[in-house]
Protein chains: 2
Amino acid sequence: MPELRADARRNRDELLDVARQVIREEGVDASLRDIARRAGVGIGTLYRHFPTREALLGAIIGDGVRRLSARAADLSATRAPGEALEEWLTDVARRIGTYRGLPGTMLELVWDLEAGDKDLRVTCGDMMDAGRRLLARAQADHAVRPDVTFDDVFIAVAAISGIAHKSGPDPAARVLAVYLDGLRSAGATRS
Amino acid sequence: MPELRADARRNRDELLDVARQVIREEGVDASLRDIARRAGVGIGTLYRHFPTREALLGAIIGDGVRRLSARAADLSATRAPGEALEEWLTDVARRIGTYRGLPGTMLELVWDLEAGDKDLRVTCGDMMDAGRRLLARAQADHAVRPDVTFDDVFIAVAAISGIAHKSGPDPAARVLAVYLDGLRSAGATRS
DNA sequence: ACCTGAACACCGTTCAAGT
DNA sequence: ACCTGAACACCGTTCAAGT
């Protein structure tokens, strides 16, 4: 990442600040034109710094995603395997649910590894790896059924966290609780 | 519902036919202008028949929703309580998952009873009532934990059915299976 | 009663022209 | 190196004018 000229740096930072606020209010489909306008730069400047909407989104949530990786390591060191996984998934749900529409983007981004900007993809990769270890540990401890994949668990949590913005946070939490109970169950109950 | 003039009737039917196809291909956010164009009518005609996007959506899925009500009665008469509920929820997931973006719309429409057009709201109300009876029966039979609400179960299924269009149908089915196991579990496992 | 399409106020995205 | 904004091809929605 080469150094940026001072004015470019300022523009980038302002853009990110404004985008964070606007997207928090309006969701991931917020108008890019509006963001540029509020940041006091031309629309072309926004596109120069963030060639695609996903690149902008990646820059916005990169920090949060990295924090989730760190949190996984923390929990793994301080909690019982099953507890650590559940706590972490709850954190994931809360963080992803922050921006309206982000759960959907995450579902796509995680599944179709072509999509999204490269930086975000490796950041997400790190976080997914951290989660994968948490799940493996919980499964080794028989705290979680053996027949689930980390990818499946992740997309479940992403999908459920999208409820928060359409039906309120409480239903989302309750649905997640039931899903976690399902993870704890033996699995393969039905013929 | 007063009679429609013959040309109006034709326009309405053609609009619905085209909309069904376009929305199946492009999702619920498909361009209304495009639908009017392909149906060979002016954009104003589309708005005259369907004053809002949700009214159009309602007309499109009304049949499917009604079929779900009927299916609930069927299953209730022919299957064990727990089985009937699970089969029905699986049907719901498949039907809602047909149109990209529909799960999100359903989540909003079901929760915020102001939204959506009136006809659809009563149709959905009927279907929800049929589902509610199925859940009550399963709970009375101790096939499903007593601490869940039908609304919670429904939004869970809607949220999960949205996975199909972002990560493929197989993961969606697996996630739903785990959630159903959670429904079958005792509940209130954690402090 | 019903249909049409121009009109308005917005988008996303690109790119020549400027500094 | 970086910024700007006009230009293009689209939207959703309304409403006067037509039949």
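The values are calculated or read from the model by the stated rules, or taken from the named source; none is laboratory data. This structure is a prediction, so every number in the text was calculated from the model and none was measured. All Cβ positions, glycine included, derive from the backbone under ideal geometry; neighbour counts span all protein chains shown.
A few comments on the model shown:
- Spans of helices (runs of 4 or more DSSP H) in the stretch A:1-111 with at least 3 residues more than 16 Å from DNA strand C (Cβ to nearest atom): A:6-26, A:53-78, A:81-96, A:102-111
- Residues of the stretch A:141-152 that are in a helix (DSSP H, G or I) and more than 19 Å from A:ASP74 (Cβ to Cβ): A:ASP151, A:ASP152.
- Among the residues of the stretch A:168-177, at least one is surrounded by fewer than 23 Cβ atoms within 10 Å (Cβ to Cβ) and at the interface with another protein chain (Cβ under 7 Å from one of its Cβ atoms).
- Residue within the stretch A:56-75 that is surrounded by 17 or more Cβ atoms within 10 Å (Cβ to Cβ), within 11 Å of DNA strand D (Cβ to nearest atom) and away from every other protein chain (no Cβ under 14 Å) present: no
- Some residue of the stretch A:153-160 being farther than 13 Å from B:LEU180 by Cα, within 8 Å of another protein chain (Cβ to nearest Cβ), crowded, with 21+ Cβ neighbours inside 10 Å and not aliphatic (A, V, I, L, M): no
- Scanning the stretch B:130-138 turns up no residue that is away from chain A (no Cβ under 12 Å) and on the phi > 0 side of the Ramachandran plot.
- Residue in the stretch A:32-41 that is more than 14 Å from every other protein chain (Cβ to nearest Cβ), within 28 Å of A:SER167 (Cβ to Cβ) and more than 16 Å from DNA strand D (Cβ to nearest atom) present: no
- Filter pass, B:GLY82 being within 14 Å of chain A (Cβ to nearest Cβ), at pLDDT 95 or above and either within 16 Å of DNA strand D (Cβ to nearest atom) or at negative phi (or both): yes
- Selection within the stretch A:77-97 - of a type outside the set (Asp, Glu) and surrounded by fewer than 17 Cβ atoms within 10 Å (Cβ to Cβ): A:ALA77, A:THR78, A:ARG79, A:ALA80, A:THR90, A:ARG94
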